[in-house]
Structures are given as C-alpha cells and as structure tokens.
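Any read-out appearing in this document is the output of simple, stated calculations on the displayed coordinates, not a laboratory observation. Predicted model only: the values in this text are computed from it and were never measured. Glycine also receives a Cβ, built like all others from the backbone with ideal geometry; neighbour counts cover every protein chain displayed.
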Amino acid sequence: MPKTLEHNFVEQAPILRLEDLNKSYGDGCEYCSKEDAVLEKNICPKCHTVHALRGVNLEVYPGEIVGVVGESGSGKSTLMQCIYFDKNPSSGACYLTPYKEGTENIFEVSEQEKLKIKNLILGMVYQNPYLGLRMDFSSLSNIAERQIAAGSRNVHEMMDRSDELLSEVNISKWRAKEAPKNFSGGMQQRVQIAKALSSNPPILLLDEVTTGLDLSVQARVLDLIKDIMHEFNISMLVVSHDLGVIRMLAERTYVMLDGKVVESGLTDQILEDPQHPYTQQLVYSLL
Amino acid sequence: MHKRYNFAFLDEGSKREIRRASLKAVCIPGYQVPFASREMPIGRGWGTGGLQLTLSLIGPNDVLKVIDQGSDASVNALNIKKLIALTTNVETVEDTHQATLIQSRHRIPEVPLTKDQILVLQVPTPEPLRAFEPREAITKKLHAHKDYTGAWLMIFEQIVKYNTATTGADHPVLVHDRYVMAPSPIPRFDNPKMDHNEALILLGAGREKKIYALPPYTKVKSIDFEDYPFAIEDLSNKSCRLCGASGVYLDEIIDENTGERSYQCNDTSYCEARRGVAQVVEGGQDA
C-alpha cells in the first residue's frame, strides 16, 4: 500500500450541532403535531399555526463554511436568530464544542451563560446593519463593545485591536472615529464583520451579508469572508438566497423549504445533481 | 402647625408604601425599586422623589436640613424646607452636624456624614443606561443579567472622542459589585464620598417613580478603565475667596465687568461655619 494511504483519518466532532430544532408561532393542534402532516406551505390548515422551523438538523465542522439556501420565508433567518438567541425556539437542542465541550444544550442554559456564549463564542453579521451596529456610536466603540462585553477594561488594548480589525476590513484609519450612520452600505457591512470578529469567536453566523450591496462591493465582502476563514480558521454558517454566494463560499450546503431541510450535501454535488424537485427548480433558475 | 394636613403631609398609607419601597431598596443596594409616586404640591421634576422620601421618614424629633446645589438658601430648598416644617413642626437647621435628616439636590455636604444621619438625594433620571437604551423593558433585563457593557461603552465613546471621560455630573457607579447606579447629578467630586459612607443614602425619583439606596458602608466604585482611571474635577491650586478652603468643591465666579475668575465654596453652610457666621435655626417643638 502506498505510504500516502496509511494516514489515519480522525473522526472529527462538529463544532456546532443542531438537533430537531422547531419554531412555531401558535399553539399547534392534533393535526399539525404529527410528523408527516401536510401543511399549506408552513401553515397548519386546521389551527393556522405557523411552523417556521420543523425538525431542523444541522452540523458545522471546525474550519468549514456551511451554506443554507432557500426562498424567502423558508426559515433561514429564523434558524440564525434561534442560534444567536434573538428568538426562542419552541423545541430542539444546539451544542457548541467550545462551550463545555458540547455537553450542554445552549437553549437551556441561564441568560447570563447565553450572554457569555453570544459575546465569546458566536459572532453574528445581520443582513441589516442597523440590527448589528449602534449607528450613533463611533466605529471604534462599536467594535470595542464586544470586547467590553467579553471583559476587557483597557482602552488602549481595545483601540489597538479595533484599529487592526478596521484595517483588516479595509476601512481607513481616519474614518475610525466616525459613526457608521455616515457610511455606505458596504462599509457598514464591513464594520459589522469587524465587530463580529473582535472577540475572536470560533463560530461566525452570516445572515444574507451581501444582499442589497452592488456587485463589486459584494465581491469585496465575499473575498474578505474567504480571507478571514483562511486566516483565523473560523467556522461559518452562511445564510443566503443567492446560490452564487453559496457556490463561492460554502463547501457544504443545506437547502431549506417551508421550514424543513429538504436536501443537504457538498455544494458542488447539489448544484450539479440536485435531487429534490425544489432544489432542481432553484438550480435551473440560476442565471 | 396646620391641622388640616396629616403629620408630614402624606397620609399614613402612602408613607407606609414609600417606607416599604425604601426597605426593599436598602436590602438590594443600587437596585431601582418602583413605587407609586404621589401628586405633590410641587411639580414633578422639582424634587418630589426626595420630598416623598423625607416626608415618609421624618419624625417629630428629627432635625431637618435641605440643600439645593450646596445652598441652604436657594428658592427650591427654602420652599421644600417650609413645606416640611409647616406640616411637621420639626426644627430646621443649616449646620450639617446638627441635622438628622438631610434632603439634598445634586450635592453631598462637605462635612462627613455620620451613622446617625440620613441623606436623601433628589434624582431626575434614575436609569444609568437610559442614554444607551431608551426602552425600560430592555434596561430592566440588562440590570437583571448584569449586562453593563453599555455603561462602559458610553465612557469609552467619550474617551474616543475627547480622550477623557466627559461626564460632568451623574458619573455612573457600580454598587457592591452588582448594580450600576446613577448617583444623581452630583459632581464627580462627590462620587468617592459615597464609598463606604457611614450614613444611609436614599435616592428618590418622583417623576420616574423609583427609589434606590446605599446602606451605610456600601462599596461604591465609579465606572472607569484600567488606563483611564476615574478622576474628580481638578480643583488643585484653587481655594475659596471667602473662607480660603481648598480640597472642597468650588463654584467658579466670573466678574462680568472685569472678566476676572474667582472661586467660592459650593457648600454655603460649610463656608459660613468656617467664617464663624451664625447659622439659621428655626422652628422645633418649643418654638
């Protein structure tokens, strides 16, 4: 046997693991609580409960970028908001390896612990920069906010780190003291990325980061994300309705429809040989 | 004494409710206890919180002192003092040593308080995080989760912009390593006096309907950063033009004709005592 094939492959544990995540708006009824109940899109025809997420299972491995695609209303953003504690899931579990070796369901820990996870383990970049940034505070303060939350009380250290991150995302030094409300959409998005990175989180959540940006700016933001992944070895979960973005960034992809994962696998495989009728339609409509 | 009113103006039920809130405030130092703020014969925002605390605490043997920005003789202080004296017949003094109950607006007297005294401070904005987060429901959560990023972030933003903390008054403090508290708009000069003070300090906000407290010997630390430590106003090399005192809080007085600057004690009773001016004592049971 050639020497190269003797390598022992180590079974890697996922850094983020979602198990049977459900999120519904409404009480539910006997009909829609059955697993194979037929719904109108994601709404129960009997009790009109909206099932935004239905039994989502998902894994992200260390150092990998995972994509989630789906049309508007398929539950992509709800999924992200549940992981980042912006919304409370109805049921389900999420385990993060950097938090207590992944032994505890992060949805069931105390609010203080959730804050710690938010500040130290997860970084979030929202589609709308108004959600992720304090528009009236300077960019430096915005980036320092996460460091303060993570326990830093040294102004010089935080300023140096913020300067470093701003240059990392190509924002010139002389604009660092300016408030993000004076920035263009692309610049705001880059400040948001710098803020998310400021406490060195091992996991980054990106929710439609390039939507609404023009093509050249999109390309720069995507390049930036790739660079960050290579440089810091951060695992990422990327949500987008744009297959182009997913094709460029993600190694593995989950396809969502009406709150369910309908297909998952290597991104290339999904794009070349889609199995589910919805995925086929999605791929064929790609320009 | 005008017999048309109950002793100390408020009815006994109201007094009991305010005392109950005060007791809770003493039990949880720095925590803002909601209470049913009464309509008072002075406008909300003119010291109704402090007045209600004073009226609920005062007994026939108390000796009362009321100060407004360090002055015993300002209109606001005089009117509050008159109202309390007319409805209780207690003795009122200007000398801090003799007083058992001191209601103050925006100053802590220069004379150190003792364990036999209670200081009542009038508070316009009891919420230290209000500028950072306008929603009461959210600031309550932030206090509950001990999430005080905002308090430090506000100081950080000032340092980014002006290279120093620019809080003139109302510099937030951390009480007993737990709650961040607005010390009411006392100058930074008075913040260190709160730390391990011998007297009970009660703070009342009538318009915002909150009571909070610092029990005697409570640890009180002004919010700062390692490399930008908290500092009081720089009054070195300046002394009072009347009594010559230094190391006390001074008012700056500019002569409009000559443009000449001079300084004078802000605490009038302290200054008068040093100069041997006879201080006013009025009323009391025997009068």
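Before moving on, here are some points about what is shown:
- Per-residue average of Cβ from other chains inside 10 Å of B:142-149: 4
- Here the contact order of chain B, divided by its residue count and restricted to Cα pairs under 8 Å and six or more residues apart, works out to 22 percent.
- Helical contribution to [θ] at 222 nm, DSSP H n ≥ 4, -39,500 (n - 2.57), averaged over chain B, rounded to 500: -8000 deg cm²/dmol
- Think of the protein assembly as shown as having a plus end and a minus end, set by charges on the Cβ of Lys, Arg, Asp and Glu; of A:Ala149, A:Asn57, A:Val10, A:Ala149 sits farthest toward the positive end of this dipole.
- For the stretch B:144-217, the equivalent ellipsoid built from the Cα gyration tensor has semi-axes of 22, 15, 13 Å, listed from largest to smallest.
- B:Ser56, A:Ser91 arranged by Cβ crowding within 10 Å, fewest neighbours leading: A:Ser91, B:Ser56
- Between the listed residues A:Ala250, B:Pro192, A:Met159, the Cα displaced farthest toward the positive end of the dipole of the protein assembly as shown, a dipole computed from Cβ unit charges relative to the Cα centre, is found at B:Pro192.
- The Kirkwood hydrodynamic radius of the stretch A:14-106, based on inverse pair distances between different Cα atoms, is 14.2 Å.
- Considering only beta bridges that DSSP places wholly inside the protein assembly as shown, some 55 percent are antiparallel.
- Across the stretch A:219-287, the mean sequence separation of Cα contacts (distance under 8 Å, 6 or more residues apart), normalised by length, yields a relative contact order of 20 percent.
- Of the residues B:Tyr5, B:Ile254, B:Cys243, the one whose Cα sits farthest toward the positive end of the charge dipole of chain B, with +1 on the Cβ of Lys and Arg and -1 on the Cβ of Asp and Glu, is B:Tyr5.
- Ellipsoid semi-axes in whole angstrom, largest first, where each is sqrt(5λ) of the Cα gyration tensor of chain A: 32, 23, 21
- Share antiparallel - DSSP beta bridges, chain A, percent rounded to 5: 55
- Binned Cα-Cα distance frequencies in chain B - 5 Å width, integer %: 1, 6, 12, 16, 18, 16, 13, 9, 6, 3, 1, 0
- Coil-residue GluC sites (Glu not before Pro) of the stretch A:24-85, DSSP, other Cβ within 10 Å capped at 15: A:Glu30, A:Glu35, A:Glu71
- Residues A:Trp174, B:Trp46 arranged by fewest to most Cβ contacts within 10 Å: A:Trp174, B:Trp46
- Each Lys and Arg contributes +1 and each Asp and Glu -1, all at the Cβ; summed about the Cα centre of chain A, the dipole is approximately 840 debye.
- Dividing the alpha-carbon radius of gyration of the stretch B:234-279 by the rule-of-thumb value 2.2 N^0.38 Å gives 1.18.
- When only the Cβ of Lys, Arg, Asp and Glu is charged (+1, +1, -1, -1), the dipole of the stretch A:68-188 relative to its Cα centre reaches about 240 debye.
- A simple charge model with +1 on the Cβ of Lys and Arg, -1 on the Cβ of Asp and Glu and nothing else charged puts the dipole of chain B at about 1120 debye relative to its Cα centre.
- Taking A:Arg252, B:Arg274 and counting other C-beta atoms within 10 Å, the order from fewest to most: B:Arg274, A:Arg252
- Between the alpha-carbon centres of the stretch B:111-144 and the stretch B:78-93 there is a gap of 26 Å.
- In percent, rounded to a whole number, the relative contact order of chain A is 24, using alpha-carbon pairs under 8 Å and six or more apart.
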